[in-house]
Amino acid sequence: MRRRHILRRGAAALAVGLTAGCAAKADGGSDTPTAAKRQTPAHGDLPALPVEERWSVAGRSVGDAASTDVADADAFEAAVAEGGPAVEKLTKRGKKLELKATPSDAAGRGVVTDVGHVAGAYAALVRSDDSFERVSVALLDGGKKPFGSFQVVTPWAERYVDGEWTATEYGEAVLGTLKTKS
């Protein structure tokens with residue numbers, strides 16, 4: 001008789017313990033993750049690797065291109081073409097720029113270098129003229145067909161220009177928008 005009493009109490013305690021845990025999570029307890037508020041660069045949290053990360057490659061290109069003086073959209077076009085992808089067409093649509101460009105020797109340098117170069121030139125433009133919202137870039141293959149795209153938005157360029165982000169962090173944000181077609 002005593003054994004049944006002990007088993008019932010143990011089963012009851014187990015049931016209470018299991019349901020108590022469920023109730024704590026259901027009412028919004030601390031186990032529920034919070035939603036991400038904004039994009040945060042993560043390259044600083046990575047271990048040292050024996051190869052150069054694409055963010056570092058883009059960051060180096062950002063720094064090189066951002067050191068030029070770019071006063072307006074025409075100077076931006078010239079800065080992109082100087083050491084970067086071949087500019088096929090630059091169009092102003094209100095506060096937005098649309099750039100069509102053919103990557104420079106993609107087999108040797110890679111598209112990441114050109115993405116960083118465009119981002120750096122855009123940062124130089126934002127330093128002089130922050131009236132634009134973004135530049136949308138269409139990457140063209142040799143036959144003038146688009147194979148990829150990316151965007152650079154002004155708030156990211158401003159963070160880089162103001163010293164809030166490093167060139168690598170800025171390059172990481174821009175590379176996050178890179179889309180290619182297979």
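The values are calculated or read from the model by the stated rules, or taken from the named source; none is laboratory data. Model, not experiment: these values are computed from the prediction. Here the Cβ is made from the backbone with ideal geometry for all residues, glycine too, and neighbour counts use every protein chain on show. Side chains included, ligands, DNA and RNA excluded: accessible areas come from the protein's heavy atoms. Shrake-Rupley method; radii C 1.70, N 1.55, O 1.52, S 1.80 Å.
Worth pointing out:
- The stretch between Glu82 and Ser128 holds 14.7 nm of extra length on full extension. This uses 0.36 nm per residue minus the Cα-Cα distance.
- For the peptides 111-117, 74-80, the ranking by mean Cβ contacts within 10 Å, running from highest to lowest, is 111-117, 74-80.
- Extension gain, Lys179 to Thr91: 0.36 nm times the residue separation minus the Cα-Cα distance gives 29.6 nm.
- The DSSP beta bridges internal to region 60-136 are antiparallel in roughly 70% of cases.
- Remark: C-alpha extents of region 70-180 on the principal axes read 38, 28, 22 Å, sorted largest to smallest.
- Bins of 5 Å, starting at 0 and running to the largest distance - Cα pair percent for region 121-182: 4, 18, 25, 21, 14, 11, 5, 1
- Average accessible surface for region 90-182: 47 Å² per residue, computed with a 1.4 Å probe over protein heavy atoms with every protein chain in place.
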